[in-house]
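Asks: Sending over a structure as structure tokens; questions will come in a sec.
The values are calculated or read from the model by the stated rules, or taken from the named source; none is laboratory data. If you're wondering where the values come from, they're calculated on a predicted model, not measured in any experiment. Cβ: placed from backbone, ideal geometry, glycine included. Neighbour counts: every protein chain shown.
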Amino acid sequence: MSLYGRNGYLLKGVGDWVRTGESVAKVAEGVWGDHSELYFEIRNNGEPENPTKWCRGSNLPTADTLVNG
């Protein structure tokens, strides 16, 4: 299960399948307007795990892509 917070708007719904490279949400503008923030979490059998175990590959998005789409 993946969890995302501080989204500007969602591109996928609960239960939707996501393929490698697909966007799931646009990040919201930061509280103070000077930076954006993202909360991302992976859970396996209800326990939080390090996302790098699940998010591998040469085409991972950069921080700029995550923020600016």
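Asks: What are the residues in region 38-65 that are modelled with pLDDT of 80 or more and of a type in the set (S, T, N, Q), if any?
Replies: Residues satisfying the conditions are N44, N45, N50.
Asks: Counting just the residues of region 1-37 that are loosely packed, with under 13 Cβ neighbours inside 10 Å and aromatic (F, W, Y), which one comes out modelled with the highest pLDDT?
Replies: W17
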